[in-house]
Amino acid sequence: MRIEEIEFWLREQNAQKLAELYKNADLIRKENVGDAVHLRGLIEISNYCTRACAYCGLNCDQSITRYRMSHDEIIKCAKEAVEFGYGTVVLQAGEDPRVTQDFIAKIIKEIKVETDLAVTLSLGERSFDELKAWKMAGADRYLLRFETSDKKLFNLIHPADCSASSCDSTPTSSRGLTAGSRDRIAILKELKQLGYETGSGVMLGIPGQTYQSLANDIILFTKLDLDMIGIGPYIKDPNTPLGSGALAPYVNAEDQVPSGENITYKAVALTRIMRPDANIPATSALATINKANGRELALMRGANVVMPNLTPLQYRQHYTIYPDKACINETADMCKDCLAARIATIGRTIGKGQGGRK
Ligand code: SAH
């Protein structure tokens, strides 16, 4: 599909036409990655963050209770993933310099020695040396969303590092990045070069995001040959500059991408059509805005991955990247059973093994 055609579909409102798009995406999903839904156990290992991302409820200016999980706590969660039959754990955090190269490398090695899990990292914009060390320690995959391919908008919503005294972090420069370094596309290329299965993605409905730039995001997914693509609705957090309206990028009303469910299904379906063999999650942000069946609908319209939360309950409530997050009070065990039932209801199976890109 050319960019104009993608934009046309993103703007489409006719339910019957969209039903055809979804059917097509579902067929392509079935032919290329099959009926298995792969489960990735998400462990939110730290909510400390040095960055001031204008949309994120973990940014350094937020007065929230901060936590950092210990080595043993993380390993315990990974063992739970094995017990639950998940093939992958995802270690995610804010950009926390105290989540050091050695700390993560040791954890990766231990998980790799003691389990058959694939290890995915989602630790933000880290230095080449860190990414390399973690690959050598055995990490399999890395997730770093580019959020939007519109450079001006990206720079606007990703201001320079935080200097708030409350953020309990050392400056960015000390972790081998120049302050304000934020070329995520370059980092994605480095990840590919290092041999990671590489994941990226975007938020939908960021104020200032146009249909054309979103169509361009989908083209970029193919250009970067991404292995994993996460697409979720932007959810307003009223405590953040973007959510409060303090930062309000201007764009013509008719060009502004809406946030919400429908645009998410369209973007997921189009991404499946453009990237037939990629792993595409039904995201937690989507599950948050449609708790009843957002995940199921995404799985029926192109997605093939779900990321059940393994973070211990006492920490999970503080990993508030956006408000009213789904599954915040469920235990890991409850998440497992709930997802198994949802997947069975739509006639799909739970994937076995690591479920990497074929
Ligand atoms: N610090 C890591 C992990 C961030 S959380 C990193 O920067 O990569 C993972 C994703 O959550 C982000 O990439 C972003 O796309 C999404 N996210 C953050 N705030 C959000 C919000 N308010 N609404 C929806 N998604 C959000």
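Brief remarks on what is shown
- Around the Cα centre of the chain, unit charges on the Cβ atoms of Lys, Arg, Asp and Glu (plus for the first two, minus for the last two) sum to a dipole of about 400 debye.
- Sparse packing (at most 14 other Cβ atoms within 10 Å of the Cβ) combined with a DSSP loop state is found for the following trypsin sites (Lys or Arg not before Pro) in the range 198-304: Lys291.
- Across the range 276-299, the residues whose backbone nitrogen lies under 20 Å from the label position 7 Å along the beta-carbon direction of Arg357 are 276-283.
- Under a 5 Å amide H cut-off, with hydrogens placed 1.01 Å from N, Leu247 pairs with Leu242 among residues at least 5 apart or on other chains.
- The range 66-167, accessible surface, carbon-and-sulfur percent (1.4 angstrom probe): 49
- Computed magnitude of the charge dipole of the range 43-88 (debye, nearest 20; Cβ of K, R +1, Cβ of D, E -1): 140
- Per residue solvent-accessible surface (Å²) - the chain, probe of 1.4 Å: 41
- With R₀ fixed at 35 Å, the C-beta to C-beta distance from Thr65 to Lys132 puts the FRET efficiency at about 0.55.
- Distance from the Cα centroid of the range 302-349 to that of the range 102-152 is 22 Å (rounded to whole angstrom).
- Count Lys and Arg as plus one, Asp and Glu as minus one, and take only other residues whose Cβ is under 14 Å from that of Tyr22; the net charge is then +2.
- Each principal axis of the chain carries a Cα extent, and these read 52, 45, 39 Å when sorted largest first.
- Here the contact order of the range 241-358, divided by its residue count and restricted to Cα pairs under 8 Å and six or more residues apart, works out to 22 percent.
- The range 205-358, accessible surface, carbon-and-sulfur percent (1.4 angstrom probe): 54
- The relative contact order of the chain, computed from alpha carbon pairs under 8 Å that lie at least 6 residues apart in sequence, is 25 percent.
The values are calculated or read from the model by the stated rules, or taken from the named source; none is laboratory data. Keep in mind that what you see is a predicted model, and the values were worked out from it rather than measured. So basically every Cβ, Gly included, is an ideal-geometry build from the backbone, and we count neighbours across all protein chains shown. For the accessible areas, the whole protein counts, side chains as well, though only heavy atoms, and no ligand, DNA or RNA atoms are used. Shrake-Rupley method; radii C 1.70, N 1.55, O 1.52, S 1.80 Å.
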